[in-house]
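The values are calculated or read from the model by the stated rules, or taken from the named source; none is laboratory data. Source: prediction; values computed, not measured. Please note: Cβ atoms are built from the backbone with ideal geometry, for glycine as well, and neighbour counts cover all protein chains shown. Please note that ligands, DNA and RNA were not included when accessible areas were found on the heavy atoms of the full protein model with its side chains. Shrake-Rupley method; radii C 1.70, N 1.55, O 1.52, S 1.80 Å.
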Amino acid sequence: MRGFRHTVTLAGGLVGSGLMSGCTGQQSALIPRGEDAAVQSTLFFVMLVGAVVLWLMLNGLFFYLTRVRPGAVPQRLANGMIIIGGLVVPAVLIGALLAWGLSILPDQQRSGDGLTIRVTGEQWWWRVEYWPEGAEAPIVSANEIRMPVGERVEFALGAKRVIHSFWIPALGGKMDMFPGRDTRVSLKATEPGVYRGQCAEFCGASHAWMAFAAEAMPPADFAAWLDHEASAAVAPSTPDAVAGAEIFAREGCGACHTVRGTDHIGQVGPDLTHVGARHTLGAGRLGATLEDFAAWISHTDELKPEVEMPAYGHLPEEEHRLLAAYLKGLQ
Ligand code: CUA
């Protein structure tokens, strides 16, 4: 008995903690913060309630016929139950659900209100380009999505080498990203906040580490942020940052990374022009403190197995600190 109680408590705890971790809202499709996610969660709860009601009705009937009133059922009643309960009711219910489900599908493909964000899945990070309406060149960023609240934003999706999937559960449904083929999805955030996006298609060793922060901002704040994102990098100002910039140049980091406004124009890895202002590092792998920057530079391959960026663990610790000061200063 004690063992059983213990098992029940353990199971309850596991279910409880599972529910709790899914309920913080940052990455939950059931706590919608966008128009599309709201429609989907309504659809989910309607189906859930419907399924529970049907389950109760069927089991009630089963209980009634086996325990309360056992014995043969009159032929007419049996036929009626099969025709009504087995054919008419399921056909009507499933038909209605199908019609409703199909009716909300096109919403996800609706065109946006002007801003297009092109996102490309790389191994294992996100190349991000903002195309405001009428723009001739994109504003390049990486590993983070920012979007204005209350506006439908169009996402043009692609991939470099393998299939990835773009998903911000709190805002709406997922969409696959293919090499050599464009897919589109549009999302409209209804509440400001920082949400978590996650690659939802297995894409290699570090698939689970391929995440990003998605921040929905009031439109005026977003416009100001985008203006700043378009600007060149600020020059390093503290002695540490100046020394870090020299190490960055000496180690050839600019062969892979761009820092706009400098000689570093590499296209292989994420754009670092404003990397210090992002919420996360390594595509959602770490936070964005100075310590996180130093950890990423020195233990890249341990933090993200098979990543293309080599770890710079061979550099002295002091140089990790200086590089971190430079990168964190790229606000
Ligand atoms: Cu990218 Cu999984």
_Being within 16 Å of the ligand (Cβ to nearest atom) and buried (at least 20 other Cβ atoms within 10 Å of the Cβ) narrows it down to one residue among 178, 202, 212; which is it?_
212
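Can we say residue 223 is surrounded by fewer than 21 Cβ atoms within 10 Å (Cβ to Cβ) and either more than 14 Å from the ligand (Cβ to nearest atom) or in a helix (DSSP H, G or I) (or both)? Outline the logic, then answer.
On the way: surrounded by fewer than 21 Cβ atoms within 10 Å (Cβ to Cβ): yes; either more than 14 Å from the ligand (Cβ to nearest atom) or in a helix (DSSP H, G or I) (or both): yes.
Yes, satisfied.
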*asked:* It is to be established whether one or more residues within the range 189-198 are assigned by TED's automatic domain parsing to the domain that holds residue 216, away from the ligand (no atom under 12 Å from the Cβ) and within 24 Å of residue 260 (Cα to Cα).
replied: no
_Residue under question is residue 218, and the condition is that it be open to solvent by 40 Å² or more (accessible area, probe 1.4 Å) and free of Cβ contacts under 8 Å to residues at least 60 places away in the same chain; does it hold?_
no
_Being open to solvent by 50 Å² or more (accessible area, probe 1.4 Å) and not basic (Lys, Arg) is true for just one of 185, 162. Which residue is that?_
162
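So which residues in the range 296-318 are in contact (Cβ under 8 Å) with a residue 12 or more places away in the chain and exposed (fewer than 11 other Cβ atoms within 10 Å of the Cβ)? Walk me through how you get there before you give the answer.
Taking the range 296-318 as the starting set, the residues that turn out to be in contact (Cβ under 8 Å) with a residue 12 or more places away in the chain are 296-300, 303-309, 311-313, 315, 317.
Across the range 296-318, the qualifying residues are 306, 317.
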*asked:* Residues to consider are 71, 86; find the one that is outside any helix (DSSP H, G or I), over 30 Å from residue 179 (Cβ atoms) and either among the acidic types (Asp, Glu) or not assigned by TED's automatic domain parsing to the domain that holds residue 192 (or both).
replied: 71
*asked:* Could you tell me how many of the residues in the range 146-171 are assigned to a strand (DSSP E or B) and away from the ligand (no atom under 12 Å from the Cβ)?
replied: 9
*Please enumerate the residues belonging to the range 229-281 that are open to solvent by 50 Å² or more (accessible area, probe 1.4 Å), among the acidic types (Asp, Glu) and not in a loop (DSSP other than H, G, I, E, B).*
240, 246
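What number of residues within the range 172-193 are closer than 17 Å to residue 152 by Cα and outside any loop (DSSP other than H, G, I, E, B)? Explain how you work it out, then say what you get.
Step one: list which residues in the range 172-193 are closer than 17 Å to residue 152 by Cα, which gives 172-175, 183-193.
Of the ones still in play, those that are also outside any loop (DSSP other than H, G, I, E, B) are 175, 183-189, 193.
Residues that pass the stated criteria total 9.
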